[in-house]
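The block underneath contains the structure these notes are about, expressed in structure tokens.
The values are calculated or read from the model by the stated rules, or taken from the named source; none is laboratory data. Computed from a predicted structure; not experimentally measured. Cβ atoms come from the backbone with ideal geometry, glycine included; neighbour counts cover every protein chain shown.
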């Protein structure tokens, strides 16, 4: 049976800084119980450990757990893409296909290459993070990969005067 969800107004004293704080100031375990020190103290301890070992402990852990690290990154990228599609449209603007695996975000004004040069972004994941960070700017649309490629080919023909 899962543990009861603690009230958001419940306080707890951090054993590190000895300050009473709301539960929202603590990381919670999977069964929603506070996980030791407050977030502030946890972060400070993590930064100090990283500085003391020059990141060796973290690198060793990542090397030992590469499969889990990769899987976490894949899930994070998939969540970010779904969030972006939710904001810009969950189906292709041209053909209406709604399979998230084949959908991408397109620069409406065909200025994607210039945008990548300016921002230094190379991956779609970095682009999706940029969209969120910049509060979902206008000038983008959802296209499937086929329609995106057809749009690119049309723009090439237009530039060549065909």
Among (1) modelled with pLDDT of 85 or more; (2) surrounded by 10 or more Cβ atoms within 10 Å (Cβ to Cβ); (3) touching a helix residue (DSSP H, G or I) at 6+ places or on another chain (Cβ under 9 Å), the one test that residue 154 misses | (3)
Here the residues within segment 82-101 that are touching a strand residue (DSSP E or B) at 6+ places or on another chain (Cβ under 8 Å) and either loosely packed, with under 12 Cβ neighbours inside 10 Å or not in a helix (DSSP H, G or I) (or both) are 89, 90, 91, 92, 93, 94, 95, 97, 99
Is it fair to say residue 58 is in contact with a helix residue (DSSP H, G or I) (Cβ under 9 Å, 6 or more places away or on another chain) and farther than 30 Å from residue 146 by Cβ?
-> yes
Identify, from the list 129, 68, the residue that is farther than 20 Å from residue 151 by Cβ, in the same structural domain as residue 147 (by TED's automatic domain parsing) and either in contact (Cβ under 8 Å) with a residue 40 or more places away in the chain or surrounded by 11 or more Cβ atoms within 10 Å (Cβ to Cβ) (or both).
-> 129
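Answer yes or no as to whether residue 132 is modelled with pLDDT under 95, more than 17 Å from residue 81 (Cβ to Cβ) and in a helix (DSSP H, G or I). It would help to see each step written out before you state the result.
Numbers: modelled with pLDDT under 95: yes; more than 17 Å from residue 81 (Cβ to Cβ): no; in a helix (DSSP H, G or I): yes.
In short, no.
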Residue ID - nearest to the chain's Cα centre (by Cα), chosen from residues in segment 141-162 that are in a helix (DSSP H, G or I) and closer than 13 Å to residue 105 by Cα | 145
Determine, yes or no, whether residue 32 is in contact (Cβ under 8 Å) with a residue 12 or more places away in the chain and on the phi > 0 side of the Ramachandran plot.
-> yes
Of all residues in segment 37-57, how many are surrounded by 11 or more Cβ atoms within 10 Å (Cβ to Cβ), within 23 Å of residue 14 (Cβ to Cβ) and modelled with pLDDT under 90?
-> 4
